[in-house]
Structures are given as structure tokens and as C-alpha cells.
Amino acid sequence: MTSARYSRIAGTGSYLPPRRLTNDDIAAQLARDGIETSDTWIVERTGIRARHFVADGVNCSDLAVAAARAALEAADCDVASVDLIIVATSTPDMVFPSTACLVQQKLGAAGCAAFDVQAVCSGFVYALSVADSMIRTGTAQRALVIGAEVFSRILDFKDRTTCVLFGDGAGAVVLEASRSPGLLSSELHADGRHVDILCVPGTVSGGQVLGDPLLKMDGPAVFKLAVGVLEDVARSVLDKAGRTTGDVDWLIPHQANIRILQSTAKRLKLPFDKLVVTVDEHGNTSAASIPLALDVSIRSGKIARGDTVLLEGVGGGFTWGAVLLDF
Ligand code: UT7
């Protein structure tokens, strides 16, 4: 008889670039181009108060490496023991190689498998689910799973409906094989009929950028889809694991908008004090938002060993998914 094999989080880490911009800073920047916004509008509609932007010359892999180093230290393990690196990002350093290979180079982890996952704001949940599958099947023993983004590079600062929403950052977990769970269940979805409601439609061809390389979003359409799928997928992963909403200690939805987070908690009948909120200080950091929120909550002592945590991602594609875990 073979013994059961699971994955569990051994440690987490995160990194925010030092340049912090308040809503007033963004409003002042937009005002120079005659575009009007205000701290009041942004806070009322989104709950965002500040975001961090990288300095010139700092790339996605730099943020990813800083978060990964912190996670390795928290897990008390050496990079040489890592045999899988997955980076979830929509803002990679280059067209290729993958940001995961650049992270591998900077960490000095030559030889292990390394690849990127592109599922926009659902990217971290996708990456964690893939790493869990690879660990449970014995393909990997210890994985670095990272969400890292430099969305400031793809924002249209002439479009006030999107540029006030996003920020840069990275979060990482060390996920390792274990005799007990760990990750309890996961589920991933996509619906390509909605590619147009959140996209960066440009590409590179013949040495030139073709199309628009800046973020486009139909905010109200994304909002409407998001609240429905976040409720459905949460219930589904709980069912799969034989758990109920009453078992959830902490809900960490993708940090897009406080109204989406609160509406998700309400639909699930979870009290707001079980909801992890970092969107106020980080803005929407896409694939980085969930591991950033997870790490901040663990380091502040909010999430403790043994707690049941429900992670939920939703974003461009349209993609969504969830992971239920015992920390
Ligand atoms: O990572 C996943 C993807 N992102 C999301 O989850 C975002 C989902 N959507 C949202 O969070 C919300 O739809 C937004 C925050 C983007 C917008 O909030 P909303 O309540 O849906 O506002 P709206 O788009 O219906 O716009 C309301 C008004 C409009 O003015 P009128 O037409 O009523 O005169 C906009 O022009 O607010 C105006 N507006 C702004 N005003 C000041 C839009 N952006 C701004 C702004 N400052 N930055």
C-alpha cells in the first residue's frame, strides 16, 4: 500500500517596491494631463488608498526574487532543495525566456523545472494548483510558487477608469511534499468568450509593437462576472473537501476591489472579520495580490498554523479558480 502524498505550505514571503503613491499622488499626476479623479472617488468605489510602483530598471523578476528569498527563509530551506519554480505573471521581463527562468538564474537554482503561468489575476491560484498536482504525483518535492507583477508598466495614465486601480508587487510560497494536507482541494476555470472585457491587446511583431500595449477593461462587466464566479467556485472547493463555509477561518479573494471582496463574503455568509483585505494599501497587484495578502496576514500573526484558508482568484481571460488549504 502506498502512503498518501499531499502538498503543504512551508513558508511565505512577499515584496513591495518602496515607491508608494497615495490616491492624492495619482490624482495630482493625472491633473497635469487635465484628467480629473479624487481620493474620495477611488476610496468609495474601490477601497484603494495607496499602491506601490517600481522604479525604472526594476523588473518583474526582481520583485519575484525578493519575495522568493523571503519565502525560502521562512521555510528554513535552501534554494538547492527546490525542484520546481512557477511564476504567475502577465507582466514578464521579456517575451522569452520565462520570468521563472530569470528567477532561477538570479537565485542560483540551475537544473530544476521552471516555467510561467499566464492566467492574469487568477495566475497564483492556477500556479498553486499546478504545483500541488506535480507534488502529489511525485514529479516535484519542493516548489517555489510566485505571483509577481509590474502592472505600472502597462497602465494607460490617460484612462482614469483603470490607472487608479493597479499596483506592483510580488508574493511567494514554498510548497513541499507532506504526509498530511496541506492543500485540500482546488478548482480552475476559464471562459474565453470574455477575452475582450479585460486585456492588453497589443503584441510584438517584426520588431514593432502591434496594437495597443496598454490595459483595457470594462470594469462594470468584470465586476458583475467576478462576484458570481467567486461565490460558485468557493462553494465548489469546499464541497470537494467535505468542508463548509463555517470551517473557513480566512477568506483571501484576489484583491481587486473592496466591494467585490465584501460582496463575496456576504454571498458566502462569512463575517467580514474573516476577510483578508490588503487592496487598501496594495491596490490590485493581479497575480501577486493573493500571495502578498497571505504573507502579510501570516507575518502579522492573523493567519496561524492550522487555520483553514480559502484563496480565490478571478481575472482576465476570463479566468477564475480557488484553492482550499489548511495552513
Ligand atoms: O483584477 C480583476 C479586474 N478588475 C476588477 O475586478 C475591477 C472590477 N470593476 C470595478 O472595480 C469597478 O467597475 C470600477 C472601480 C472599475 C468602476 O466602478 P463603477 O462603480 O463600476 O463605476 P463606473 O465605471 O460605472 O463609473 C461611474 C462614474 C462614471 O461617470 P458617469 O458616467 O457616471 O458620469 C465614470 O466616468 O465614475 C466615473 N469614473 C471616475 N471618476 C473619478 C470612472 N473612473 C473614475 C475615476 N475618478 N478614477
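Of the trypsin sites (Lys or Arg not before Pro) in region 271-306, which ones lie in a loop per DSSP and count no more than 11 other C-beta atoms within 10 Å?
Qualifying residues, ordered by number: R305.
Can you give the calculated 222 nm mean residue ellipticity of the chain, where each DSSP H run of n ≥ 4 adds -39,500 (n - 2.57) and the sum is split over every residue, rounded to the nearest 500 deg cm²/dmol?
When only DSSP H runs of four or more count, the value is -10000 deg cm²/dmol.
Which one of F166, F53, F157 has the biggest mean-square fluctuation once the chain is modelled by GNM with Cα springs under 10 Å?
Result for the chain, Cα springs under 10 Å: F157 fluctuates most.
Explain nothing, just the number: dipole magnitude of the chain about its Cα centre with +1 on each Lys and Arg Cβ and -1 on each Asp and Glu Cβ, in debye rounded to the nearest 20.
The dipole magnitude comes to about 540 debye.
Below 8 Å, C-alpha to C-alpha, sequence gap of six or more: please give me the relative contact order for the chain in percent.
About 25 percent, as a whole number.
Cα centroids of region 1-52 and region 270-327: how far apart, whole angstrom?
Measuring centre to centre over Cα atoms gives 13 Å.
Which of the trypsin sites (Lys or Arg not before Pro) found in region 162-255 are in a DSSP loop and have at most 11 neighbouring Cβ atoms, other than their own, within 10 Å?
When the trypsin sites (Lys or Arg not before Pro) of region 162-255 are filtered for loop state and at most 11 Cβ neighbours within 10 Å, R179 remain.
Karplus couplings for region 28-42 from phi (6.51 cos²θ - 1.76 cosθ + 1.60, θ = phi - 60°), rounded to Hz, Gly and Pro as x?
5, 5, 5, 4, 4, 9, x, 9, 9, 8, 8, 4, 4, 4, 5
Quick one: with all protein chains in place, what share of the accessible area of region 258-312 is carbon or sulfur, to the nearest percent (1.4 Å probe)?
That fraction is 52 percent.
In Å², what does the accessible area per residue of region 6-180 work out to with a 1.4 Å probe?
Ligands and nucleic acids excluded, the figure is 40 Å² per residue.
For the chain, state what percent of all Cα-Cα pairs lands in each successive 10 Å bin, counting from 0 Å until the bin that includes the largest distance.
Values per bin, smallest distances first: 6, 28, 36, 22, 6, 1, 0, 0.
Could you give log10 I(q)/I(0) at q = 0.11 Å⁻¹ for region 55-172, computed by the Debye formula over C-alpha point scatterers of equal weight, without solvent?
Values, matching the q order: -0.35.
Need the list of aspartates and glutamates near K224 for cross-linking: C-alpha distance under 15 angstrom, and skip anything on the same chain fewer than eight residues off.
D191, D196, D232
For region 6-180, what relative contact order do you get, as a whole percent, if you take Cα pairs closer than 8 Å and at least 6 residues apart?
35 percent.
Loop-only check: which trypsin sites (Lys or Arg not before Pro) in region 1-103 are DSSP coil with at most 10 other Cβ within 10 angstrom?
Sites meeting the loop and neighbour criteria: R32.
Given charges of +1 on the Cβ of Lys and Arg and -1 on the Cβ of Asp and Glu, with all other atoms neutral, how large is the dipole of region 181-324 about its Cα centre, in debye to the nearest 20?
It works out to roughly 260 debye.
With contacts defined as alpha carbon pairs under 8 Å and 6 or more residues apart, what's the relative contact order of region 155-247 in percent?
Relative contact order comes out at 26 percent.
How much area per residue is accessible in region 184-326 when the probe is 1.4 Å and only protein heavy atoms are counted (Å²)?
It amounts to 41 Å² per residue over region 184-326.
Provide the three semi-axes, in whole Å and in decreasing order, of the ellipsoid equivalent to region 1-76 as defined by the square roots of 5 times the Cα gyration tensor eigenvalues.
For region 1-76, the ellipsoid semi-axes come out as 39, 17, 10 Å.
The values are calculated or read from the model by the stated rules, or taken from the named source; none is laboratory data. Keep in mind that what you see is a predicted model, and the values were worked out from it rather than measured. Using ideal geometry, Cβ is built from the backbone for each residue, glycine included, and neighbour counts are taken over all protein chains shown. Surface accessibility is based on the protein's heavy atoms, side chains included, excluding ligands, DNA and RNA. Shrake-Rupley method; radii C 1.70, N 1.55, O 1.52, S 1.80 Å.
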